[in-house]
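Some notes on the structure that comes next.
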Amino acid sequence: MSDAVQAVPASDDIETFDEPALVEGAESEREVAVEVGENLVEVRNLTMKFGGLLALDDVSFDIKRGEILGLIGPNGAGKTTCFNAMTGVYKPTSGDVLLEGVSLKGRKQHKITRMGLARTFQNIRLFGDMTALENVVVGLDARHRTSVPGALLRLPRHVREEASSIDRGMALLEFVGIAQHAEKRARELSYGSQRRLEIARALATDPKLLCLDEPAAGFNPAEKEELMALIRAIREEGYTVLLIEHDMKLVMGVTDRIVVLEFGRKLADDVPKAIRNDPRVIAAYLGEPEDDAA
Amino acid sequence: MSLSSDGPKIMPDAESAREAIETESIAVRRHGPFVHLRERWNELPRQAQWAWLLIVVAIAFALPYLNFFPLTTEPGNDWPIACFSMAVYALVGVGLNIVIGYAGLLDLGYVAFFAVGSYTAAMFTSPDSPLAKIPYLWTLPLAIAITMFFGVLLGVPTLRLRGDYLAIVTLGFGEIVRILATIIPAMNGQVGFQNVGHPPGTDAHGLPVFVVSNGTPWYWLTLAVIIIVLLLAGNLERSRVGRAWVAIREDEDAAEIMGVPTFKYKVWAFAMGAGVGGLSGALFAGQVGFVNNQKFDVQTSILFVAAVVLGGAGNKVGALLGGAIVAYIPVRFTAIADYKYLIFGVVLVLLMIFRSQGLVPAKMRLLAFARRAMHWVPPTEPKSAPESANATEGSAS
């Protein structure tokens with residue numbers, strides 16, 4: 001696949017972008033608070049050391065409810081490390097992450113997910129042998145409460161949850177625009193569809209904060225445009241989004257606020273316009289030719 | 001051991017990752033007789049599927065009477081007892097498939113659970129045992145409960161390990177159980193337990209129905225058990241439990257991050273697999289009527305794993321067939337019975353080269369109401385865009 005600019009969207013995946021509202025049955029079962037302003041996540045003095053390497057040095061920032069926050073920085077600045085430390089993949093050396101005032105420290109990853117923090121992966125990590133729909137339903141299962149004996153004997157709760165998960169799963173696939181591939185195995189999907197499926201699977205866990213780790217990696221400009229529309233639509237639905245991205249155009253175009261990391265330290269934290277004109281940021285990051293970053 | 005692969009790993013260039021995915025989506029087109037058969041099966045209405053299943057079950061129940069040339073065992077091997085042995089191995093295959101096939105946990109000590117089940121049946125029914133006696137049929141649920149307990153006992157400390165490490169520890173566990181049977185005086189070592197119990201019932205002449213010399217009633221009992229276990233395993237498969245298992249098999253870290261309590265479900269997989277193993281062990285002990293420490297060696301464990309891999313890990317019907325085949329070949333071809341490990345080894349190597357997914361490849365159905373999704377899926381019309389063409393054809397074929 002060449003990265004040449006294509007005038008038309010090259011994939012069949014993008015169809016339902018005019019009306020990105022979640023279809024009936026797909027709404028979050030949780031009360032979603034949409035007012036922007038109040039802090040949803042507070043990252044407090046997060047420090048992460050790998051042996052002698054200081055990957056994150058005393059990073060603090062807030063994520064406000066309902067906003068799209070961009071996390072940018074040159075290669076190796078610690079973006080993904082910050083992500084992993086937040087989502088419980090790494091245990092921070094010091095510092096803390098609070099979700100709605102509750103510390104995530106020392107919690108198991110699946111508990112953190114159930115508390116409302118979902119993520120996608122930089123290198124796609126779908127369940128390849130499962131169909132697209134099944135992948136999404138794994139995410140939905142995070143909110144299900146069927147026990148093993150309940151599933152074994154098909155008790156009423158199991159039946160109810162299974163029935164609703166088909167509808168919600170399909171609605172989510174439709175929302176990200178790949179409903180027509182629901183019955184295909186994840187590994188048979190095209191690259192763009194796989195990225196979208198990752199987003200759908202993360203949304204299925206019904207997160208308060210959706211963390212997207214370089215969702216546009218490997219996308220051509222047309223696909224990036226569509227992704228921006230999707231991210232905006234996700235916010236419209238009441239989700240808060242944390243976006244790690246290399247592509248400055250995408251970040252500038254979609255975020256409300258940007259946190260810049262460099263060498264594991266927070267360099268700046270401001271609205272995109274101010275970031276664009278911040279001399280420190282320009283020196284650290286934008287000074288490089290932009291094309292390299294994508 | 002943790003999610004290091006996501007962090008410090010060198011990030012493949014996104015463009016090359018994309019190319020890799022798109023090449024793979026062409027490469028994964030699968031062929032083979034079973035794929036076609038499965039598609040036709042899936043298109044059948046529910047009633048037709050049940051009708052076909054009834055026919056298959058009827059044939060399976062008639063199997064001890066289908067004692068004619070190409071099928072029958074060679075002289076010296078009793079055909080109904082061979083049928084029973086096939087059924088027990090098939091049940092073992094179904095149980096081990098939960099562990100290996102669904103959850104992707106390589107258990108090389110599965111014979112230990114089989115042994116625990118056998119000893120449970122023997123020690124609660126044989127007059128040689130000091131324990132209290134209970135009716136044989138009660139030992140079946142008891143064997144399930146005790147082996148599930150052993151499954152949890154093995155699982156809790158070991159399931160934090162992955163891959164090869166887990167395999168080695170389970171291998172050790174298999175040996176521990178066998179050696180314990182040798183050194184604990186109450187377990188009678190090589191002397192073992194004679195006159196293991198059997199289900200009640202007498203025929204017209206007042207003789208018991210379930211005797212060691214007659215495999216047919218034992219076979220029918222085991223077949224009935226298999227059908228129940230298959231139904232229950234199917235229920236698990238099409239639930240969040242089955243999905244959690246497969247998610248763990250596919251990518252344990254990603255599963256954990258998607259909210260799957262991976263450790264809990266791995267322990268459940270061990271417990272469920274162990275329960276079925278114990279059940280088959282108890283049935284085996286009943287038919288043979290004698291249990292000692294000689295039958296539960298590593299080779300048998302490996303044979304169980306071979307059965308699952310041969311039939312198709314991840315597919316319960318495949319594992320069932322694999323188990324039956326592994327038990328059938330040595331009694332059908334007595335001349336080669338001594339070389340059975342050699343032959344199974346060669347067959348497995350060939351299988352891995354030419355058909356690595358096993359005889360019946362896994363295509364699990366992980367949703368209870370998948371048919372309901374169909375009305376959502378818009379019909380796929382031929383696409384003109386070059387990128388999508390690859391991906392669409394891949395599974396439409």
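The numbers here are math on the coordinates, done by the rules we state, and not lab data. This structure is a prediction, so every number in the text was calculated from the model and none was measured. Glycine also receives a Cβ, built like all others from the backbone with ideal geometry; neighbour counts cover every protein chain displayed.
Descriptive notes on the structure:
- Net charge contributed by nearby residues that have their C-beta within less than 14 Å of B:Leu171 (K/R +1, D/E -1): -3
- Between B:Asn195 and B:Ile176, the contour length at 0.36 nm per residue exceeds the Cα-Cα span by 4.3 nm.
- Cβ-derived FRET efficiency at R0 35 Å, B:Val152 paired with B:His36, nearest 0.05: 0.25
- Chain lengthening between B:Arg371 and B:Arg162 when straightened (0.36 nm per residue, less Cα-Cα): 71.7 nm
- Full-stretch length increase - A:Val102, A:Glu236 - with 0.36 nm per residue and alpha-carbon distance subtracted: 45.7 nm
- Estimated FRET transfer efficiency when R0 is 22 angstrom, pair B:Leu66-B:Ser213 (beta carbons, to 0.05): 0.65
- Reach of A:Lys111 by Cα under 20 Å, taken over lysines that are not fewer than 8 positions away in the same chain: A:Lys91, A:Lys208, B:Lys264, B:Lys266
- Those residues of region B:200-243 whose amide nitrogen sits under 16 Å from the label point placed on B:Ile134, 7 Å along Cα→Cβ: B:200
- Taking Cβ atoms as reference points and 11 Å as the exclusive limit, the residues near B:Glu250 contribute a net charge of 0, counting Lys and Arg as +1 and Asp and Glu as -1.
- Cα→Cβ-extended label distance, 7 Å offset, between B:Ile343 and B:Val57, nm: 3.3 nm
- Cross-link pairs exceeding 26 Å between alpha carbons, from the set A:Lys64/A:Lys184; A:Lys79/B:Lys363; B:Lys133/B:Lys340; A:Lys79/A:Lys273: A:Lys64/A:Lys184; A:Lys79/B:Lys363; B:Lys133/B:Lys340.
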